[in-house]
Amino acid sequence: MEQRICRKCLLAEADRGMYETVLREIGRMKPEMRADESLYSRRLAICRECDRLSGGTCLACGCYVELRAAAVSSACPKKKWQ
């Protein structure tokens, strides 16, 4: 049976295994390099509404959006958030 990819899902819903890997990478970031929970949540809310989100991946740049949103210095490739 073919597995369908949720186009508007983040990795947390789309690919639990990869999400766990991304969480480990976020955990390895220095605290001062990580966005606080409020900023992280706002960024992900914007990504959820974006037409370039597909199964936790940004189609504009190929990143995992949870990982990009977690880095305080990151910016959206479509300039929807910084």
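The values are calculated or read from the model by the stated rules, or taken from the named source; none is laboratory data. Quick caveat, the model's predicted, so the values are computed rather than measured. No Cβ is skipped: glycine too gets one built from the backbone with ideal geometry, and neighbour counts run over all protein chains shown. All accessible areas refer to the heavy atoms of the entire protein, side chains included, with ligands and DNA or RNA removed. Shrake-Rupley method; radii C 1.70, N 1.55, O 1.52, S 1.80 Å.
I'd like the carbon and sulfur percentage of the solvent accessible area for the chain, probe radius 1.4 Å, heavy atoms only, ligands and nucleic acids excluded. The nonpolar share, carbon plus sulfur, comes to 52 percent.
Counting only cysteine Cβ atoms and a cutoff under 4.7 Å, the chain contains unmatched residues 47, 50, 58, 61, 63, 76. Ordered from largest to smallest accessible area (heavy atoms of protein chains, 1.4 Å probe), the residues 61, 76 come out as 61, 76.
The relative contact order of the range 29-82 comes to 38 percent, based on Cα pairs under 8 Å that sit 6 or more residues apart. Histogrammed with a bin width of 5 Å, the alpha carbon distances of the chain distribute as 3, 16, 27, 26, 18, 6, 2, 1, 0 percent, first bin at zero.
Between 12, 65, 29, the Cα set farthest toward the positive side of the dipole of the chain (charges on each charged residue's Cβ, about the Cα centre) is that of 65.
Structural descriptor for the range 1-70: relative contact order 47 percent, calculated from alpha carbon pairs under 8 angstrom and at least 6 residues apart. Here the gap between residue 8 and residue 28, fully extended at 0.36 nm per residue and compared with their Cα-Cα distance, gives a gain of 4.5 nm. A 1.4 Å probe run over the chain, with the rest of the protein chains in place, finds 67 Å² accessible per residue.
Against the chain, whose longest principal axis is taken from its Cα atoms, helix 16-28 shows a tilt of about 10°.
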